[in-house]
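First up is the structure itself, then whatever we jot down about it.
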Amino acid sequence: MDSIAFHDANISDLIESRTLDFRHDVNHWVQMHSSLLRRLTQEKELQGHQGCVNSIAWNSKGSLLVSGSDDTQINIWSYSGQKLLHSIDTGHSANIFCTKFVPETSDELLVSGAADAEVEVGNPHVVWSASEDGTLRQHDFREGSSCPPAGSSQQECRNILLDLRSGAKRSLADAPRHCLLLKSCDISSTRPNLLLVGGSDAFARLYDRRMLPPLTSCRKKMSPPPCVAYLCPMHLSERVSPGRSSVHLTHVAFSPNGEEILLSYSGEHVYLMNANYAGESAMQYTSEDFTKLMSTPIPSGVELQPPVSEVFTDRSFRSGIAARLDKCRKLIQYAEKSLNEGKDYYNGIEACNEVLDGYGREIESLLRHECLCIRAALLLKRQWKNDAYMAIRDCNKARKINSSSFKALYYMSDALMQLGKHKEALDFAFAAQCLVPYNPDVAERVENIKQHLAAVEKLNKTNNGGPKPESRSGRVISLSDILYRSEVNSDVSPEGPRSDREDSDYDEDLEVHFETSISGDEGHDVESNVRPGSLNLRIHRRGDSARETGANGLCGSPRSSSHNGRTYKPETVVDMKQRYVGHCNVGTDIKQASFLGQRGDYIASGSDDGRWFIWEKKTGRLIKMLLGDEVVVNCIQSHPFDCAVATSGIDNTIKLWTPTASVPSIVAGGAAGPETSNVLDTMESNQQRLSRHREMILPFEFLERFRMHEFTEGTHEELFLLFQFVLLKK
């Protein structure tokens, strides 16, 4: 790609707007300029903690940095002197996960939250804390404590602002009924009434705190209040597989201008959403739209694209349009070459991203259609996590431009085959064959799909007619199913709907069975999903040895569900604007994704491979990859005004990054940084980890530490934290 230079969003936007709006602050525009980001390197390593540094935050002036650690200490650092100023013994008895300077207190007050379920220190006004107990609580220090002291006979706290103890959803179509373990929250800096939360399901929730009910007691579980908007990429909104429940949010954040929202998922990627949920540019969907995306008719309301006639009336796009179109054609040619040669799929996709997201409003419909089809084909060849869903989106956009597009129909059938939706794939293959009857590739595909469906039907008949094997001791599940107990709690059981029995989320009577398969036991009757030489867990309800499953073998509820005796109507959800890939987020639940700079033109995220990544917000293009930790980078905080970034993770140090490298590069993040040739290898490795992270077989020594046969209600969070810790140390 060196022969084809990508556009520089900052510089081009600055040049084009300088005659249109002289009020722009140049410092804002160039603070995180790509030429500076490509020169980022580690300038200083701040030492002073004795444990993992789980939280870092700048003060409003950028002169101080506060950090919290597993050592229960809060440290305050000088930015200019790059040294430790104060170390505070907080009194916390467990790991600190959040530290903040309290606004408008001259940086004299701090607030911290830790795994001991306490919020320490405060301000003269209000502090909010989000917790894995499913509540967001308000602490107003003008009113004194809202909770009795520890050990008091009356332990009723009337400080719950948002009660989501029955607010988690397994899919968009399901009614909320499980406890939403809150992982992150944020407040819009431009509209402070907007509150954003994310937790143990795939949906971020946007609330208007002016519409929330009065503070309630912790003793009475309330129904979740209505939110202003749900936010979730469409392909994550449906429960497609048992492991899907492991996809959950680890961080949510508003952009500096409050117009956009960033979502970071465990077991998934980072996504950009539109915070203006009521605006025309916000793409919204319902549970039915997920099915429409994969149906033969042209879907409606899936893409909000301005007509071409409207595009070219804007003066800002007239100058140099011919040169930019020529550049787009060269980028598409490069992408097509990558597809035909069967290599360099990643850079081919990046070239298409540049055209569609960088120049999409300027190019003609036919060129956009061609680029969409090429990108869909490249995504299907690359096969990173959920690339098939991204290809489906592109195919549907292409079909909206040309409803008789052979390529869009053909690639659509390929994507559906990769997702295991063979009946739908056959429909699209037939449609493509009708357009080009003598194409050998599509004829072969039709025949292959028919053979597959026939084999499946034959197997189903054999299984239905023959004796079913007796269940030995309940279904085999993964450790993820134990830690995310919602998968164990089926919505439908022999005792009736879950909501008709009890309101509690994690109180079912469970039995856990341990089985070992040692080398030499291969001759015994061992199930195919029990791996030799490993310890296997089985779990089931007492008295419930069989579970109802659907035709596809998945436990689940119908598309319309019943909640508290009423039919539940699924909400409308805001869909993604952009996706950022290459990193890995599976090992920790505090991994951040952040907007960089006062304009937020770039996105950064930590990773489980000890690196941190920077992407261009507009196109999703990877700008920089740096080595920032021996194990995992969790926290990334951009300086308020300077081109400087602080990061932390499992190491007991904080790294400060500034643009002081002599040569710009996509890597070069320190002496141990990867070579440019290894960038793709690194991202490929991270994608493999994303795909297999819930299928680990863990050694007995690890599981013995859980003492699973003795776990009781209330240990859910402790088990989860231990699970993360041991994985990181392996």
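Throughout, read-outs are computed from the coordinates displayed, never taken from laboratory work. Bear in mind the structure is a predicted one, so any value in this text is a computation, not a measurement. Using ideal geometry, Cβ is built from the backbone for each residue, glycine included, and neighbour counts are taken over all protein chains shown.
Observations on the model:
- Under 20 Å from the Leu435 label point (7 Å along Cα→beta-carbon), backbone N, the range 377-391: 377-381, 388-391
- Estimated FRET transfer efficiency (Val30, Leu680; beta-carbon r; R0 25 Å; 0.05): 0.25
- Approximating the spin labels as points 7 Å out from Cα along Cα→Cβ, the Gln47-to-Ser93 distance works out to 3.3 nm.
- Only Lys, Arg (+1) and Asp, Glu (-1) charged, at Cβ; the range 602-665 dipole about Cα centre in debye: 340 debye
- For the range 164-218, the calculated P(r), taken from all Cα-Cα distances in 10 Å bins from zero up to the bin holding the longest distance, is 22, 49, 28, 1 percent.
- Here the simple spin-label model places points 7 Å from the Cα toward Cβ, and for Leu85 and Phe641 these points are separated by 1.5 nm.
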